[in-house]
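Working notes, beginning with the structure itself.
The values are calculated or read from the model by the stated rules, or taken from the named source; none is laboratory data. Note that this is a predicted model, so its numbers are computed, not measured. In this analysis, Cβ positions are derived from the backbone assuming ideal geometry, glycine residues included, and neighbour counts consider all displayed protein chains. Keep in mind that these areas ignore ligands, DNA and RNA; they rest on the heavy atoms of the full protein, side chains included. Shrake-Rupley method; radii C 1.70, N 1.55, O 1.52, S 1.80 Å.
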Amino acid sequence: ILTAPLPQERGGNNSFTHEALTLKYKLDNQFELVFVVGFQKILTLTYVDKLIDDVHKEFRDKYRNEFQQKGALGLLNGTFDFKDDFMRLLRDAEESSKVRAPTVMKTFEQSLKSQKTVKCMIETRGEKPKEKVKNKKNKGSKKDGTEAVAVPSKASAGDKQLSAAGDKEELTKDEILQKNREEFFRRHMKAGEKSRSPKPDTQKEKGKKPRVWDLGNSNAKVLDYSNSATNGSAEACPVEEFDPDMALGDKNREPGRLYDLEYESDDEAEEEKVVQNPSKPSVKKGGLGGMFGMLKGLVGSKSLTREDMDPVLEKMKDHLIAKNVAAEIAVQLCESVAKKLEGKVMGTFTTVTSTVKQALQEALVQILQPQRRVDMLRDVMDAQRHRRPYVVTFCGVNGVGKSTNLAKISFWLIENGFSVLIAACDTFRAGAVEQLRTHTRRLNALHPPESHGGRTMVQLYEKGYGKDAAGIAMEAISYARNQGFDVVLVDTAGRMQDNAPLMTALAKLIAVNAPDLVLFVGEALVGNEAVDQLVKFNKALADHSMAQTPRLIDGIVLTKFDTIDDKVGAAISMTYITSKPIVFVGTGQTYCDLRSLNAKAVVAALMKA
């Protein structure tokens, strides 16, 4: 029994695994049939796909007339004698998958090497081998043409070469190369002596002096902000005076509320009008735009074939790639839509384009709607009941906005009444700790302790640079537990997915501290790179973890969403490849520019022409 919906929208995947069993199925949309094959997961059966295809074809062809006459309801009480046919097809499939005998290797007498004589393998010194000359002659016509042009140019190189030809014939090949090498060095040494400038009288002092800025300070101790004694004290983060309107942005917002992502289309997507006269199909302007403005042949009361859908699917694939969807995922999406619709009977006046478009929209919405919804506020309150801090770890590649969006999430949590401890575990990037310290000062200025009963709502825990990030995170979590903080936000250093040492360090931090939530921060500007980043981050966390069930990415923070207009394909690529939800969307530079994902708004932007 299938306990989950058939995942046709996920790249044409037609298998379902439950514990030790695997089910493979195939849909017949024309007669509304499902063919299922079940077998033990441990078995490697190469003939399952062939068997299910053969059974589907044989069963449908044998009882086609009964399907058409009785219909789906009449078939429930019918009987089908298909056991003998099934056993025959099973035997044929098993026979076809039997391992063929390995090909017999050639004997020495059958090889080309046995035909060579000892004389043809002897090379005379200074003489080119004959086989190499033949191979050069047998190469492509283009190379023959270039060689034919190069020969006369060498012949007309100068009178010196012609006059010295007789002497060179008497020399061996090694002597000729040595002579040419000496002439080359002698010629360049003369040119170097002419262009060499006289040495200055005063030589520069050896060694490199440090640069001293006009407004700087030569004392390095002034720039050292890594004193661990400042952790947890309100004096370490003095209140900073600045314009709150500039930091907050929207004045009419509701405090503590996470608004949904909105998308305003110039031409609002409207449903396609039903064509009243099939002989004169009319095309509505606007709604479908340039992408779906063509290939709208009407199909009346017939089942869809692959040939009908191929032109529309090809146009859709190019459109998705243009909207920053990864090329591989765009192909898989169109393939899954084709498998879902193949054989489906259409309405009398329904177009192929509108049918395929509707199926693609449903598939995209299903991909963006998470299987497991992350409700951070509910989880934080649950952790409060157990008297422990709720720990969130941020990870991602360099420059995607981890620290900035960590500050936005801190502001959102503070407005919902939770105290936050920020753990500065980016001990590698210069200025990382200072950046978090500035955010802490500004957040304390927006929410001073006087407004919360004398309680400081956000503090920074840092140990400077060059320290072990996993150890700092562990100390921060222990400090938050002792001081009664509600949430710990762990900032980590940016790292490329191919850097094995840094990925090992990240896996260690997550394995040692066991955070409640691991968020991958990715920017909306990427296309195919999004797939590579997420796959390799998850793989690295799985490979470098010592636990039997390694901790992987739990959710995604999509940043820089305000810079891409309607090219929102990165959201599809990230959720498709990981099946993890997009928890937050960064839409600007202020603390209020944080949104939750609205699947329908993203799909509307994606389908816009």
Starting from segment 403-429, take each residue that is within 20 Å of Pro448 (Cα to Cα) and list its partners that are among the polar types (S, T, N, Q), counting only C-beta distances under 7 angstrom and pairs at least six apart or across chains. Val420/Ser410; Leu421/Gln459; Ile422/Ser410; Ile422/Thr440
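Any idea which of Gly454, Gly464 is assigned by the TED database to the domain that holds Leu421 and open to solvent by 20 Å² or more (accessible area, probe 1.4 Å)? Write out each step before concluding.
On the way: Gly464 fails: open to solvent by 20 Å² or more (accessible area, probe 1.4 Å).
After applying the criteria, what remains is Gly454.
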Failed criterion for Ser573 (all others in (1) open to solvent by 10 Å² or more (accessible area, probe 1.4 Å); (2) under 19 Å from Ala322 (Cβ atoms) hold): (1)
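Okay, residues lined up against (1) hydrophobic (A, V, I, L, M, F, W, C); (2) within 25 Å of Glu95 (Cα to Cα); (3) open to solvent by less than 40 Å² (accessible area, probe 1.4 Å); (4) in the same structural domain as Val345 (by the TED database):
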site: Glu19; (1), (2), (3), (4): no, no, no, no
site: Leu23; (1), (2), (3), (4): yes, yes, yes, no
site: Phe35; (1), (2), (3), (4): yes, yes, yes, no
site: Phe39; (1), (2), (3), (4): yes, yes, yes, no
site: Leu43; (1), (2), (3), (4): yes, yes, no, no
site: Lys50; (1), (2), (3), (4): no, yes, no, no
site: Lys62; (1), (2), (3), (4): no, yes, no, no
Report, by residue number, each residue of segment 358-385 that is open to solvent by 20 Å² or more (accessible area, probe 1.4 Å) and more than 30 Å from Val518 (Cα to Cα). Gln358
Selected residue (criterion: farthest from Arg306 (Cα to Cα)) from residues of segment 326-376 that are of a type in the set (Lys, Arg) and in a loop (DSSP other than H, G, I, E, B): Arg373
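Being open to solvent by 60 Å² or more (accessible area, probe 1.4 Å), under 15 Å from Lys402 (Cα atoms) and assigned by the TED database to the domain that holds Gly569 narrows it down to one of Arg429, Arg495, Arg442, so name that one. Before the answer, list the steps.
On the way: Arg495 fails: open to solvent by 60 Å² or more (accessible area, probe 1.4 Å); Arg442 fails: under 15 Å from Lys402 (Cα atoms).
Within the list Arg429, Arg495, Arg442, the selection yields Arg429.
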Can you name every residue in segment 472-492 that is of a type in the set (Gly, Ala, Ser), assigned to a helix (DSSP H, G or I) and open to solvent by 10 Å² or more (accessible area, probe 1.4 Å)? Ser478
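Among the listed residues Val602, Val526, Val535, Val557, which satisfies the condition of being outside any loop (DSSP other than H, G, I, E, B), surrounded by fewer than 23 Cβ atoms within 10 Å (Cβ to Cβ) and touching a helix residue (DSSP H, G or I) at 6+ places or on another chain (Cβ under 8 Å)? Before you say what the answer is, go through the steps one by one.
Values: Val602 fails: surrounded by fewer than 23 Cβ atoms within 10 Å (Cβ to Cβ); Val526 fails: outside any loop (DSSP other than H, G, I, E, B); Val557 fails: surrounded by fewer than 23 Cβ atoms within 10 Å (Cβ to Cβ).
When all the criteria are applied, what remains is Val535.
Among the hydrophobic types (A, V, I, L, M, F, W, C), open to solvent by less than 100 Å² (accessible area, probe 1.4 Å), at pLDDT below 70 and part of a helix (DSSP H, G or I): does that describe Leu89?
Details: among the hydrophobic types (A, V, I, L, M, F, W, C): yes; open to solvent by less than 100 Å² (accessible area, probe 1.4 Å): yes; at pLDDT below 70: no; part of a helix (DSSP H, G or I): yes.
No: the conditions fail for Leu89.
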Are any of the residues in segment 310-321 closer than 30 Å to Gln589 by Cβ, open to solvent by less than 40 Å² (accessible area, probe 1.4 Å) and out of contact with any His (no Cβ under 6 Å at 6 or more places or on another chain)? yes
Test of understanding: among Met294, Met376, which residue is over 30 Å from Arg429 (Cβ atoms) and either modelled with pLDDT of 90 or more or not assigned by the TED database to the domain that holds Ile472 (or both)? Met294
Just to verify a result, which residue in segment 92-122, among those that are at pLDDT below 80 and among the aliphatic types (A, V, I, L, M), is least open to solvent (accessible area, probe 1.4 Å)? Ala101
Sort out which residues of segment 377-398 are over 29 Å from Gly494 (Cβ atoms) and assigned to a helix (DSSP H, G or I), and write them in order of number. Arg378, Met381, Asp382, Gln384, Arg385
What tally of residues in segment 453-476 results from selecting those that are in contact (Cβ under 8 Å) with a residue 24 or more places away in the chain and either over 31 Å from the mean Cα position of the chain (by Cα) or over 27 Å from Asn538 (Cβ atoms) (or both)? 13
The conditions are (1) farther than 14 Å from Thr393 by Cβ; (2) of a type outside the set (Asp, Glu); (3) at pLDDT 90 or above; (4) in a helix (DSSP H, G or I), and Thr504 fails exactly one of them. Which is it? (3)
